[in-house]
Amino acid sequence: MSQIPIFPLRVALFPGVSLPLRIFEQRYLRLVADSLKADGGFGVVLIRTGAEVGRSDVWPVGVFVKIVDWSQGEEGLLHIMVQGQRRFRIESTSRSEDGLMMAEVQWLPEESSRPVPAECDGLLAVLDELKEHAAMLSLRFEPVESADALSWQLAQLLPLDDKIRIELLSTEDPLERLATIAASLDRWAKQ
């Protein structure tokens with residue numbers, strides 16, 4: 001197990017996906033500074049209840065991120081771009097004096113890359129449409145070259161229920177994730 005700092009968000013983040021964050025709370029400014037100095041990272045987890053500012057209850061699965069870019073904003077905010085790396089499961093949490101959440105985590109298994117199956121052409125088309133809109137949100141996506149990348153990018157962009165997002169993040173088989181996503185799309189099409 002490893003101990004890592006945790007950054008709770010109202011937005012889920014998945015491996016291979018980049019997300020811009022604005023940092024203004026002192027505890028998170030320290031988190032970013034420490035991460036940059038150590039060339040390390042931190043965990044991003046989805047908030048179950050509570051708010052991004054203050055205390056919150058989080059889902060037990062998250063993604064370790066690395067800071068890939070940063071800049072100081074005119075309004076005094078720190079702007080960073082993080083990219084999802086490895087998945088983890090939280091075993092226990094504690095708080096530092098300034099309220100920063102720390103977690104003992106168990107790393108989830110790394111996935112081996114698998115090609116995108118031919119029957120997923122429809123999901124690739126959905127992703128292409130979603131990416132056109134995602135550009136406006138400053139999200140960055142690598143080209144899809146594997147089933148796991150396709151599943152993570154769709155999970156990031158589709159308006160899924162938080163429970164489904166956590167289920168996808170916990171699932172180790174990218175084809176199983178793609179089947180869950182396809183089932184959600186089918187349900188929406190029938191409504």
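The values are calculated or read from the model by the stated rules, or taken from the named source; none is laboratory data. Bear in mind the structure is a predicted one, so any value in this text is a computation, not a measurement. Positions of Cβ are generated from backbone atoms using ideal geometry, with glycine treated the same way; all protein chains shown enter the neighbour counts.
Here are S71, S92, S96: which of them is more than 24 Å from D148 (Cβ to Cβ), hydroxyl-bearing (S, T, Y) and touching a Lys or Arg at 6+ places or on another chain (Cβ under 9 Å)?
Exactly one of S71, S92, S96 is more than 24 Å from D148 (Cβ to Cβ), hydroxyl-bearing (S, T, Y) and touching a Lys or Arg at 6+ places or on another chain (Cβ under 9 Å), namely S96.
Of the residues that sit in the range 34-64 and are within 18 Å of L157 (Cα to Cα) and touching a Gly at 6+ places or on another chain (Cβ under 8 Å), which one is surrounded by the most Cβ atoms within 10 Å (Cβ to Cβ)?
Within the range 34-64, the subset within 18 Å of L157 (Cα to Cα) is 44-47, 62-63.
Next cut, touching a Gly at 6+ places or on another chain (Cβ under 8 Å) only: 44-46, 62-63.
On the way: V44: 22, V45: 26, L46: 21, G62: 30, V63: 26.
The qualifying residue surrounded by the most Cβ atoms within 10 Å (Cβ to Cβ) is G62.
For the range 1-42, which residues satisfy the criterion of being part of a loop (DSSP other than H, G, I, E, B) and touching a helix residue (DSSP H, G or I) at 6+ places or on another chain (Cβ under 6 Å)?
Start the filter on the range 1-42 by keeping residues that are part of a loop (DSSP other than H, G, I, E, B), which leaves 1, 10-16, 24-25, 39-40.
The answer is A12, F14, P15, G16.
Checked across the range 161-179, the condition of being exposed (fewer than 15 other Cβ atoms within 10 Å of the Cβ), without any contact (Cβ under 8 Å) to a residue 12 or more places away in the chain, out of contact with any Phe, Trp or Tyr (no Cβ under 6 Å at 6 or more places or on another chain) and closer than 30 Å to R27 by Cα holds for at least one residue. The C-beta contact set for the range 14-33 (first residue in contact (Cβ under 8 Å) with a residue 12 or more places away in the chain and surrounded by fewer than 15 Cβ atoms within 10 Å (Cβ to Cβ), second residue assigned to a strand (DSSP E or B) and among the β-branched types (V, I, T), distance under 6 angstrom, 6+ apart or interchain) comprises L29/I23.
Just checking, does the range 43-58 include any residue being of a type in the set (S, T, N, Q), out of contact with any Asp or Glu (no Cβ under 7 Å at 6 or more places or on another chain) and touching a residue at least 60 places away in the same chain (Cβ under 8 Å)? Please lay out each step first, then the result.
Quick first cut of the range 43-58, residues of a type in the set (S, T, N, Q) only: 49, 56.
Then drop every residue that is not out of contact with any Asp or Glu (no Cβ under 7 Å at 6 or more places or on another chain), which leaves 56.
From what's left, touching a residue at least 60 places away in the same chain (Cβ under 8 Å): none.
The answer is no, given that none of the residues of the range 43-58 is of a type in the set (S, T, N, Q), out of contact with any Asp or Glu (no Cβ under 7 Å at 6 or more places or on another chain) and touching a residue at least 60 places away in the same chain (Cβ under 8 Å).
Pick from R87, R165: which is among the basic types (K, R), within 13 Å of the chain's Cα centre (by Cα), within 26 Å of W188 (Cα to Cα) and modelled with pLDDT of 90 or more?
R165
Annotation: of all residues in the range 94-128 being within 24 Å of V17 (Cβ to Cβ) and hydroxyl-bearing (S, T, Y), the one that is surrounded by the fewest Cβ atoms within 10 Å (Cβ to Cβ) is S112.
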